[in-house]
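Presented below is the structure to which this report refers.
The values are calculated or read from the model by the stated rules, or taken from the named source; none is laboratory data. None of the values given here were measured: they were computed from a predicted structure. Note that each Cβ is placed from the backbone with ideal geometry, even for glycine, and that neighbours are counted across all protein chains shown.
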Amino acid sequence: MTRHIKVTEDIYWLGANDHQTDLFESLWPLPKGVTYNSYLIDDEKTVLVDTVKGPFLSQLIDKLKSILGDRPLDYLVVNHMEPDHSGAIKILKSVYPELTIIGNSQTKEMLKNFYGVENNLHIVKDGDTLSTGKHNLAFYLIPMVHWPETMVTYDSSTKALFSCDAFGGFGSLDGGIFDDELDMEYYEDEVLRYFSNIVGRYSPQVQKAITKLKDLEIGIVAPSHGPIHRKNPSRIISLYDKWSKQETDCGAVVVFGSMYGNTQTMAETVARSLAEEGIKRMVYHDISRSHISFIVRDIWKFQGLVLASCTYNATLFPPMEDLLKHLKNKKLKGRTLGILGSYSWSKGALQELQKFAESGNWELIEPKIDVKSAPWEEDIEKCYQLGKNMAKRIKVCSMNS
């Protein structure tokens, strides 16, 4: 049995580190794993805030029993019903049959649909409170961050916000649990990858949630994935605020799809031009080899985007087509876009990139470049010009942001 990890004097972290799952939601790579954070408030009435994914249930119960002994678990707060947080509910109720589950009206329906659980429910509305003794809990609904039943739990006694998926991120907690114990530069990149791919589509709802919570005195942000923020909790909130406003940094992402290297040459030329013009923060992705979640993360971060695609069967190179579908789904807007296409016997790529540019709030930078077979000197000069124009524009955007 490991030593108990305390968040405060009587709040415990009962989370689990998952190094076995390769793909979160069967979509997103987890090179450094992921955590499922669960928290126990050990008070006159005992409260578990969220659970863990099913395979880690035995760890959770062992930790619970090592703290509670023969005492009951009185309440389970279900902030979010996605199974990586709710997967232990059914068996947990068999271990603690008198357990009361706290959730909202939409939680109630999902509990029935997922697990057949209909009894011992305490349904809360927005702003409802519960005293457990020394602790006073308040429940705030933040629908569509990122499911309709999502809520957060705030403990006014310790100023702890149990935020579930909000303010969470990828990466397991191997040793360090808190922001003052970890390399937060790494974790913030993984928080952004989580945000941009899973939560980012619901940015307007994130803004509503931040507004709803803005008057709370928050001393600890305790999400259900990733680090617990106790040293600088305002930092993670400000990042979510920035990202959900789609505010960007001065930098550029160059993404290319190339079968035989000709389109890659064009992309490399634009990248070189950006560097010569002083754009130091630049990320370069081969669409065939970079996972889309890392590409979306970087596009979310920076103002400039260059998309270069060869034509494949009279349309876009398939991995590039997939990226554009993701970007549309995430509702990205306000970026500065440069587009390049190539073809041999039938045009297609540039036209599809043009349609994409027109379908959203993208600022298209000239020149638009379409090359037959291989780029020649005139085409290379156009690529350099595109890089120069892009650099000039994103510098202006950065000064105005």
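Kindly state which helices (runs of 4 or more DSSP H) lie completely within the range 1-102 and contain at least 2 residues that are over 30 Å from His326 (Cα atoms), without any contact (Cβ under 8 Å) to a residue 24 or more places away in the chain and out of contact with any helix residue (DSSP H, G or I) (no Cβ under 8 Å at 6 or more places or on another chain).
So the answer is 57-68.
Return the pair list, or none, for Cβ contacts closer than 7 Å from residues in the range 185-208 that are within 15 Å of Pro148 (Cα to Cα) to residues that are crowded, with 21+ Cβ neighbours inside 10 Å and charged (D, E, K, R), at least 6 apart or on different chains.
Hits for this filter: Val199/Asp165.
State whether one or more residues within the range 130-138 are of a type outside the set (Gly, Ala, Ser), in contact (Cβ under 8 Å) with a residue 12 or more places away in the chain and crowded, with 22+ Cβ neighbours inside 10 Å.
yes
Look through Leu332, Leu323, Leu307 and report the one residue that is touching a residue at least 60 places away in the same chain (Cβ under 8 Å), touching a Phe, Trp or Tyr at 6+ places or on another chain (Cβ under 9 Å) and aliphatic (A, V, I, L, M).
Leu332
Within the range 340-391, how many residues turn out to be in contact (Cβ under 8 Å) with a residue 12 or more places away in the chain and part of a helix (DSSP H, G or I)?
Matching residues across the range 340-391 total 20.
Yes/no matrix, rows are residues, columns are (1) at pLDDT below 95; (2) under 30 Å from Ser344 (Cβ atoms); (3) out of contact with any His (no Cβ under 9 Å at 6 or more places or on another chain):
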site	(1), (2), (3)
Ile210	no, no, yes
Asp215	no, no, yes
Ala222	no, no, no
Ile228	no, no, yes
Leu239	no, no, yes
Trp243	no, no, yes
Val255	no, yes, no
Ser258	no, yes, yes
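State whether one or more residues within the range 214-227 are surrounded by fewer than 18 Cβ atoms within 10 Å (Cβ to Cβ) and closer than 23 Å to Lys330 by Cα.
no
Among the small types (Gly, Ala, Ser) and modelled with pLDDT of 95 or more, is that true of Ser293?
Yes: the conditions hold for Ser293.
Just the residues that are among the basic types (Lys, Arg) and either within 24 Å of Trp243 (Cα to Cα) or touching a Lys or Arg at 6+ places or on another chain (Cβ under 9 Å) (or both), please, taken from the range 277-330.
Lys280, Arg281, Arg297, Lys301, Lys325, Lys328, Lys330
For the range 304-320, give me each residue that is more than 22 Å from the chain's Cα centre (by Cα), surrounded by fewer than 20 Cβ atoms within 10 Å (Cβ to Cβ) and not in a loop (DSSP other than H, G, I, E, B).
Answer for the range 304-320, where residues must be more than 22 Å from the chain's Cα centre (by Cα), surrounded by fewer than 20 Cβ atoms within 10 Å (Cβ to Cβ) and not in a loop (DSSP other than H, G, I, E, B): Tyr312, Thr315, Pro318.
Can you tell me which residues in the range 150-193 are hydroxyl-bearing (Ser, Thr, Tyr) and either touching a Cys at 6+ places or on another chain (Cβ under 7 Å) or more than 20 Å from Ile295 (Cα to Cα) (or both)?
Correct list: Thr150, Thr153, Tyr154, Ser156, Ser157, Thr158, Ser163, Ser172.
Against the conditions (1) in contact with a strand residue (DSSP E or B) (Cβ under 9 Å, 6 or more places away or on another chain); (2) crowded, with 20+ Cβ neighbours inside 10 Å; (3) not charged (D, E, K, R), where does Val296 fall short? Just the number, please.
(1)
Taking only the range 61-95 into account, find how many residues are farther than 24 Å from Gly226 by Cα, touching a Leu at 6+ places or on another chain (Cβ under 6 Å) and modelled with pLDDT of 95 or more.
1
Could you tell me whether any residue of the range 337-353 is β-branched (Val, Ile, Thr), on the phi < 0 side of the Ramachandran plot, modelled with pLDDT under 95 and within 32 Å of the chain's Cα centre (by Cα)?
Scanning the range 337-353 turns up no residue that is β-branched (Val, Ile, Thr), on the phi < 0 side of the Ramachandran plot, modelled with pLDDT under 95 and within 32 Å of the chain's Cα centre (by Cα).
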